[in-house]
Amino acid sequence: MIRTVITSVLIILLGWSAASWLTYDFQIWTDEDARRLEVALHPVEISPVQIEGPDLAETDLPTLLRQENVVTIADFIYTRCQAVCPSLGSIFQQIQTALLNDAGNERPRNVRLLSISFDRKHDDPPALRAYADNLSARPELWRFVRVLQAKQEQALLQQLGVVVIPDGRGDYEHNAALLVFDGAGRMVRVFDIEEHQLALDYARHLARKQIQETSL
C-alpha cells in the first residue's frame, strides 16, 4: 500500500515537472502559444525580401518596416480569399478608424497597418489597389504589398510562423494573426484576430515608448 502511494506521488511529481518544463513554467500549452512567447522574449529579425505594391516602388520589407518610432501591425492575406481574409479586412478597417480618431487626442499617431499578400501570381499592384479601395484603406495608414520571389516568400512565411497550404483548387488554407513590428522592423508580438483591440493597445503603447526613448 505504502509502495503504491509512493509510486503514485512520484508519477505525479514527474508529470508536474515535465509539464512545467514543456510549458515554460505553465505559461504555454500549445505550439502557437510557444511561438508567441518565443517572439515576445526574442523579437524576430526578418530577412530582406523584395516587395511591391500600389504607389510603392520596389523595395525590401525590412526597409519598409524600419521607420523611427513607427509601429506596424501586419497581416497576411490574398485578395481572392472568401474565408478568414474578409474578417481580417474588417478588423483592419476598425483599427484604421481608431487610428484616424487618434488624430484628435493625445494618442501617438505613428501606428501603421500592412497587409501582405502571399498570392504573388494573382495579387499584382492593380489587384491590390482594387482590394484596398474596396476596403476604403487610407494609403498613409494602410499599405498592401506582395513578395516578388517565390523562394523569398516561403522563407518569410516560415520565419514569421505563417502557415499557407494550397487547397488544390487555386485557393489557400492559412492561419490568421496580427503581427506587431517595432520601429527597428522586428516582429515583437503576435495576437489572435480576436485580440485586435489588445494588438492596437499594445502598438500604441510601444509607439509611445519608442518616442519617449528617442527623446531622452
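Just checking, does segment 97-120 include any residue being of a type in the set (D, E, K, R) and touching a Pro at 6+ places or on another chain (Cβ under 9 Å)? Give the derivation first.
The first filter runs over segment 97-120 and keeps only residues of a type in the set (D, E, K, R), leaving 102, 106-107, 109, 112, 119-120.
Those left that are additionally touching a Pro at 6+ places or on another chain (Cβ under 9 Å): 102.
Among the residues of segment 97-120, at least one is of a type in the set (D, E, K, R) and touching a Pro at 6+ places or on another chain (Cβ under 9 Å), which makes the answer yes.
Taken over segment 57-91, the criterion of being in a strand (DSSP E or B) and either in contact with a Gly (Cβ under 6 Å, 6 or more places away or on another chain) or modelled with pLDDT under 90 (or both) is satisfied by Ala57, Glu58. Comparison of Leu178, Leu148, Leu206 shows that the only residue that is surrounded by 19 or more Cβ atoms within 10 Å (Cβ to Cβ), touching a residue at least 12 places away in the same chain (Cβ under 8 Å) and under 25 Å from Asp123 (Cβ atoms) is Leu178. Considering only segment 98-105, I want to know if a residue exists there that is in a strand (DSSP E or B) and touching a residue at least 12 places away in the same chain (Cβ under 8 Å). Within segment 98-105, none of the residues are in a strand (DSSP E or B) and touching a residue at least 12 places away in the same chain (Cβ under 8 Å). Of all residues in segment 120-144, those being without any contact (Cβ under 8 Å) to a residue 12 or more places away in the chain and of a type in the set (S, T, N, Q) number 1.
Please work out if Gln94 is farther than 25 Å from Asn175 by Cα, surrounded by fewer than 17 Cβ atoms within 10 Å (Cβ to Cβ) and in the same structural domain as Ile165 (by TED's automatic domain parsing).
Values: farther than 25 Å from Asn175 by Cα: no; surrounded by fewer than 17 Cβ atoms within 10 Å (Cβ to Cβ): yes; in the same structural domain as Ile165 (by TED's automatic domain parsing): yes.
So Gln94 fails the test.
The values are calculated or read from the model by the stated rules, or taken from the named source; none is laboratory data. The structure displayed is predicted, hence computed values, not measured ones. We place every Cβ from the backbone using ideal geometry, glycine too, and count neighbours over all the protein chains shown.
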